[in-house]
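> Before I ask anything, here is the structure I am working with.
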Amino acid sequence: MKRWILVVLCLLPVWVQAEEVEVRDAWVRLPPPVADTAAAYLRLINHGGRELVLLGVRANVAGEAMFHGPGMRPLGTVRIPAGGEYRFAPGAAHVMLMKLKQPLHAGDSVHLVLRRAKGKPIQVELPVRDMRRLERP
Amino acid sequence: MWRGAMWVVVMLALSVGALTCFIQHTEPDVPAYLRGMGGDFTLRSAHGPVSLHDFRGKVGLLYFGYTHCPDACPMALSVIARALRGMSAAQRDRVYALFVSVDPKRDTPEHLQAYTAFFDRRIIGLTGTTRQLTALAVKYRMDFEVPQAPADAAYTVRHSRFIYLLDAEGRVVALFDEKTPSARLRRALRRWLYAASVRRMWKDTQGERR
Ligand SMILES: [Cu+2]
């Protein structure tokens, strides 16, 4: 019985986070091996009752990471209203990964940590996709 | 006797008229705002200088970007690569694709070639001096801005994202971008290839008549 309570307690934060912020369509575009930048895309849906404010991002594969708006304009913070969503999508906003530590490969997994103004950081696991053969995006 | 000669002249005039009309209609319409855009240039590739006029008689695609660009540039180069791959070998021989880096501080011709080869070996990577690139930007009405930063700083470059379609004379005849479906780009290339061959046939017959 005690063990069950422990399991539930351990899962609770995960469940709360999953409830509040939903992450969808998360992936990283495979860059050429000689490139030292890559773009990560994801959809963040705020199911919570408060505005979600993201202050920054880190990536395990990159020396530097930041939010970029369309046309590579750096975004200081990303604000997602309660019940709203934000899309990092091809040809628009993206998470810019710079100073890649090593060349990425299709199927690799990239770990992002999105720092929020309040509450625990959001952890996201993104697959690396080779888009050369695919029609769009 | 005179009547016979008259007939020959009339028939000839009619066929020339019909042919001219036919040729005019094989060339797709070029929007007015593209007239006067573009022009010749010479830039550096990993295999020496490359000029636009080297490709006379071929139909081309031209894109300005830089290799530290992880979103728009890979999308555009993928679209271009897919458009090329879907063509027959004979068509591909008459098509070329150029990727011009506006970031020469970081993109050497060798680095550019390794970058473009990832998408398709046929895409030629080019760059030049800031002066050359600025002059080119004016000709192609393209905007770009490289910040004053050392080459090892992780800076970003703003640039227009047009894919220019160039006809057999090197004129800009259509604009696309990284969101254009590759099939549409391929259709446009084929149409201009066809226009180029009709034009060449027409020129040949003109030569014979002289
Ligand atoms: Cu960016």
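FYI, it's all coordinate maths here, none of it is from the lab. For clarity, every value in this text was computed on a predicted model and none was experimentally measured.
> Anything over 26 Å Cα to Cα? Flag those among B:K58/B:K139; B:K179/B:K203; A:K101/B:K179, in the order listed.
Table pairs above 26 Å Cα-Cα are B:K179/B:K203; A:K101/B:K179.
> Aspartates and glutamates near A:K118 by alpha-carbon distance under 20 Å, same-chain residues fewer than 8 away left out - which ones?
Answer for A:K118, where 20 Å is the Cα cut-off: A:E19, A:E20, A:E22, A:E51, A:E85, listed by chain and number.
> What percentages make up the Cα-Cα pair-distance distribution of the protein assembly as shown when the bins are 20 Å wide from 0?
Percent of Cα pairs in each bin: 26, 45, 20, 7, 2, 0.
> Now a separate question. Show that you can apply the helix-only estimate: for chain B, add -39,500 (n - 2.57) for every DSSP H stretch of four or more residues, divide by all residues, and state [θ] at 222 nm to the nearest 500.
Computed mean residue ellipticity for chain B: -14000 deg cm²/dmol.
> Please work out how much length the chain gains when fully extended from B:D143 to B:V30, using 0.36 nm per residue of separation minus the C-alpha to C-alpha distance, in nm with one decimal.
38.5 nm
> Cα centroid distance between the stretch A:19-61 and the stretch B:30-104, in Å?
If you average the Cα positions of each part, the centres end up 32 Å apart.
> Excluding residues on the same chain fewer than 8 positions from A:K99, give the aspartates and glutamates whose Cα lies under 14 Å from its Cα.
A:D36, A:E64, B:D152
> Angle check, please: helix B:182-209 long axis (alpha carbons) against the longest principal axis of chain B (alpha carbons), in degrees 0 to 90, nearest 10.
Around 40 degrees separate the two axes.
> Using alpha carbon coordinates only, what is the Rg to Rh ratio of chain B, with Rh defined as the Kirkwood radius?
1.10
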